[in-house]
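> Quick one: structure below, then a few questions.
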Amino acid sequence: MKIAVLMSTYNGEQYIAEQIDSILAQEGDFDLELHIRDDGSKDGTINILSRYEEEGKLRWYNNENLGPAKSFMDLIFSCGEYDLYSLADQDDYWEKDKLAKAVKSIGEKTSPALYFSNAMLVDSRLESLGSVVYKKSPKIDFKTVSCAGGLLGCTMVFNNALATLLRDKGMPEIMVMHDFYIAQVCLCFDGDIVYDDACSMKYRQHGGNVVGVSYGLWGKIKSRFSEITTKQRVSIASQAKSILKLYGEDMSKEKKQWLDSVAEYRKNIFTRIKLAFSFKTRYINFNMGLKNRLSILFGNR
């Protein structure tokens, strides 16, 4: 079995060598190849990548700054064909059996399939912050994911059937984030999503995170308030429109109708109320549900 690990880098010199080493130390019955796209780093990241490439440990390239979402998608389109594809951030630390767990979960599936797991929150020195990303199992049904996303991309592993779906249609015009988009496309075609509650990696939280999570009571309060009251730069409506443009003719009538409602939810107060208080969405807990429903009601999601 061949696995491509895909990493997008940007000014990651501080932690990237530690992360690369943890990826290369993976144990299991598979062949691993590490592909990295640098998204315009201005620090010493490319010097580190060049050193690893000279040692034959990875392949890397760079081009224009695309942002993390399109940079990861560019990797998927350009890396070649593998049995499984794993997404990796530049500043985390993988447990040695991370990929082996994914292989066991979805390695034999021939229809679109995606695996993701829990992760331990750690500080810049990889010391535990006493928490994990998911305290309860996340909701992974099509309708909830379309409104909430919520799958931790840096733990994601998906198969070639899903990669082919993504490649066949090319780069979407708009994505909230690559992991949200990939999960949504998987569910549009009744793909399997498998969640593993065991922590497969250490999710490093530090001042330079491109994407992170809030932790601690005050951090969560500030984050929730901001998400409710601030209009997102890319909305769930815009992403739904992108998916409909690329895949609308191929998906079931029911799924298309639901994505139509997400795509048009900002149209007026009635469409916002209808989506915000839909009984068809099932959020992970009351607080997350309240946050998502209010942000949709205000047209900010």
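> Computed over the Cα atoms of the chain, what is the convex hull's projected area averaged over all directions, in nm²? All intermediate terms of the calculation are to be shown ahead of the outcome.
Numbers: hull surface 59.1 nm².
Its Cα hull, projected and averaged over all orientations, spans 14.8 nm².
> Another question, if that's okay. Set the Förster radius R0 to 41 Å, insert the Cβ-Cβ distance between Asp29 and Gln232 as r into 1/(1 + (r/R0)^6), and round the FRET efficiency to 0.05.
Values: r = 42 Å, r/R0 = 1.02.
My answer for the efficiency is 0.45.
> Using a 1.4 Å probe and ignoring any ligands, DNA or RNA, find the accessible area of Asp123 and quote it in Å² to the nearest 10.
30 Å²
> May I ask you to list the lysines whose Cα is less than 18 Å away from that of Lys135, ignoring any residue fewer than eight positions away on the same chain?
Lys202, Lys220, Lys291
> A further question follows. Please give the peptides 196-206, 101-111, 278-288 ranked by average Cβ packing (other Cβ atoms within 10 Å per residue), highest first, as a rough proxy for protection.
On the way: 196-206: 19.5, 101-111: 17.4, 278-288: 13.6.
In decreasing order of mean packing, 196-206, 101-111, 278-288 become 196-206, 101-111, 278-288.
> Cut-off 13 Å, label point 7 angstrom out along Cα-to-Cβ of Asp97: give me the residues of the range 17-38 whose amide nitrogen falls inside.
In the range 17-38, the label zone of Asp97 (backbone N under 13 Å from the point 7 Å along Cα→Cβ) covers 27-29.
> What residue among Leu34, Ser50, Tyr82 has its Cα farthest toward the positive end of the dipole of the range 30-99, where the charges are +1 on Lys, Arg and -1 on Asp, Glu, each on the Cβ?
Comparing the listed Cα positions along the dipole, Ser50 ranks first.
> With the contact rule set at Cα under 8 Å and sequence spacing of 6 or more, what percent relative contact order holds for the chain? Provide the component values of the computation, followed by the final result.
Details: 546 pairs, mean separation 55.7, N = 301.
Relative contact order comes out at 19 percent.
> Using only the alpha-carbon atoms, how far is helix 178-188 inclined from the longest principal axis of the chain? Give it as 0 to 90 degrees, nearest 10.
60 degrees
> Any chance you could look up the accessible area of Thr164 with a 1.4 Å probe, heavy atoms only, rounded to 10 Å²?
For Thr164, solvent-accessible area is about 50 Å².
> Grab the Cα-Cα distance for Leu126 and His206, subtract it from 0.36 nm times how many residues apart they are, and report the gain in nm with one decimal. Write out the running numbers ahead of the final one.
Details: separation 80, 0.36 × 80 = 28.80 nm, distance 1.02 nm.
Between Leu126 and His206, full extension yields 27.8 nm more.
> If you don't mind, another one. Using r as the Cβ-Cβ distance of Lys267 and Ala198, and R0 as 35 Å, what FRET efficiency do you calculate, to the nearest 0.05? Write out the running numbers ahead of the final one.
On the way: r = 42 Å, r/R0 = 1.21.
According to the calculation, E is roughly 0.25.
> Treating each Cα of the range 227-272 as an identical point scatterer and ignoring solvent, apply the Debye formula and state log10 I(q)/I(0) at q = 0.14 Å⁻¹.
For the range 227-272, the Cα-only Debye profile gives -0.36.
> Angle check, please: helix 236-247 long axis (alpha carbons) against the longest principal axis of the chain (alpha carbons), in degrees 0 to 90, nearest 10.
Relative to the chain, helix 236-247 is tipped by roughly 80 degrees.
> If you fit an axis through the alpha-carbon atoms of helix 253-263 and take the longest principal axis of the Cα set of the chain, what angle between them do you get, 0 to 90°, nearest 10?
In the chain, helix 253-263 runs at an angle near 90 degrees to the longest axis.
> Also: Can you give the calculated 222 nm mean residue ellipticity of the chain, where each DSSP H run of n ≥ 4 adds -39,500 (n - 2.57) and the sum is split over every residue, rounded to the nearest 500 deg cm²/dmol? Can you show the working numbers first?
On the way: 12 runs with 123 residues, N = 301.
Result for the chain, helices only: -12000 deg cm²/dmol.
The values are calculated or read from the model by the stated rules, or taken from the named source; none is laboratory data. For clarity, every value in this text was computed on a predicted model and none was experimentally measured. No Cβ is skipped: glycine too gets one built from the backbone with ideal geometry, and neighbour counts run over all protein chains shown. The area values use the complete protein model at the heavy-atom level, side chains included, leaving out ligands, DNA and RNA. Shrake-Rupley method; radii C 1.70, N 1.55, O 1.52, S 1.80 Å.
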